[in-house]
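In what follows, a structure is listed as structure tokens, so that the remarks can point back to it.
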Amino acid sequence: SMLKYYPSNSSINKHGPGIDYDFTSFPGIGITDYDMNLVYALQFKNNVLLQVQLRKNYTKLLADFDPTNTNGLKLKANTDYTYYSFVGTLTTDYRKKLAAKLQTRSGEYFNGTRLNLDGEVTYRIQPYGSISSVFSFNHLNFPAPYKSTDLVLIGPKIDLTFSRSVFLSALFQYNNQINNINTNIRFQWRFAPVSDLFLVYTDNYFADSFISKGSALVLKATYWLNL
């Protein structure tokens with residue numbers, strides 16, 4: 001729930017505080033997860049949105065769990081954790097050719113801490129398509145003997161429209177958590193209404209050696225029968 005104020009003679013279009021609560025509950029177990037948020041949001045007249053949150057998380061583990069997913073020492077099942085963090089989100093005007101969304105979720109994390117920055121940047125090349133990239137950085141720090149790590153994900157993407165019936169999409173993604181570089185290139189030809197021919201090439205590489213894990217070239221056709 002949010003309260004909204006609309007100031008006059010200001011660069012702010014609307015602003016106000018709010019409260020948000022989400023939980024997960026299982027029969028016979030009870031609440032296993034919840035997050036409580038105190039929120040304040042500001043939307044400017046140039047359509048830039050800024051939102052800040054103070055968050056309280058609760059997690060009860062139903063199985064052993066390694067928050068870093070790096071084969072480190074796991075937190076034990078049936079243990080529970082209450083931790084606090086700050087969430088900040090800045091979103092620019094997506095009507096502009098260049099737009100971005102940046103977010104941080106940083107603070108306590110299970111029995112340690114997390115420094116996080118996520119983002120997405122998009123540039124529209126009118127009328128041909130767009131170039132965009134997502135990125136994510138997490139510095140996870142836990143007391144010994146638990147492992148600490150830095151997790152990095154970068155994923156640039158290109159979407160091009162050559163005509164009303166010919167399209168090309170190319171995605172490249174680097175993920176150090178699984179030591180992987182992924183390539184996905186898709187060509188689409190709409191040769192009839194709701195009927196398409198797809199040619200898709202995918203490849204995965206070990207990020208530290210650039211040795212291929214396996215590639216594939218797939219041809220797929222769909223045709224709409226109006227009976």
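Extension gain, Leu90 to Asn71, is 3.5 nm, computed as 0.36 nm per intervening residue step minus the present C-alpha separation. Each label was represented as a point 7 Å from its Cα along the Cα-to-Cβ direction; for Tyr40 and Ile158 these points are 4.4 nm apart.
A simple spin-label model places pseudo-atoms 7 Å from Cα toward Cβ; at Thr24 and Ser212 they are separated by 3.8 nm.
Note on Ala221 and Ser130: with the Förster distance fixed at 30 Å, the Cβ-Cβ geometry gives a FRET efficiency of about 0.70.
Counting Lys and Arg as +1 and Asp and Glu as -1 over every other residue whose Cβ lies under 12 Å from the Cβ of Lys76, the net charge comes to -1. As a fraction of the 1.4 Å probe accessible area of the chain, surface on carbon and sulfur atoms comes out at 60 percent.
Given R0 = 41 Å, the distance between the Cβ atoms of Arg190 and Leu102 translates into a calculated FRET efficiency of 0.70. Go ahead and run the numbers for FRET between Thr202 and Asn9, Cβ-Cβ distance against an R0 of 45 Å, rounding to 0.05. Here the calculated transfer efficiency is 0.25.
Looking at region 160-216, the trypsin sites (Lys or Arg not before Pro) that sit in a DSSP loop and have at most 11 other Cβ atoms within 10 Å of their own Cβ are Arg164.
Eigenvalues of the alpha-carbon gyration tensor of the chain, scaled by 5 and square-rooted, set the equivalent ellipsoid semi-axes at 37, 29, 19 angstrom, largest first. Could you state the number of Å between the C-alpha centres of region 190-207 and region 1-61? What the calculation gives is 39 Å, centre to centre. With Cα atoms defining each centre, region 123-169 and region 95-121 are spaced 13 Å apart in the structure.
Take 2-9, 95-102 and order them by the average number of nearby Cβ atoms within 10 Å per residue, most first; the result is 95-102, 2-9. Normalised per residue, the accessible area of the chain is 63 Å², obtained with a 1.4 Å probe and no contribution from ligands, DNA or RNA. For a label point 7 angstrom out from the Cα of Ile178 toward its Cβ, which stretches of region 64-80 have the backbone nitrogen within less than 16 Å? Counting backbone N atoms under 16 Å from the label point, the list is 68-71.
Place a +1 charge on the Cβ of each Lys and Arg in the chain and a -1 charge on the Cβ of each Asp and Glu, then give the dipole magnitude about the Cα centre in debye, rounded to the nearest 20.
Approximately 720 debye in magnitude.
The values are calculated or read from the model by the stated rules, or taken from the named source; none is laboratory data. From a predicted model like this one, the values you see are computed outputs, not experimental measurements. Neighbour counts run over all protein chains shown; Cβ positions are idealised from the backbone, glycine included. Heavy atoms of the whole protein, side chains included, go into the accessibility calculation; ligands, DNA and RNA do not. Shrake-Rupley method; radii C 1.70, N 1.55, O 1.52, S 1.80 Å.
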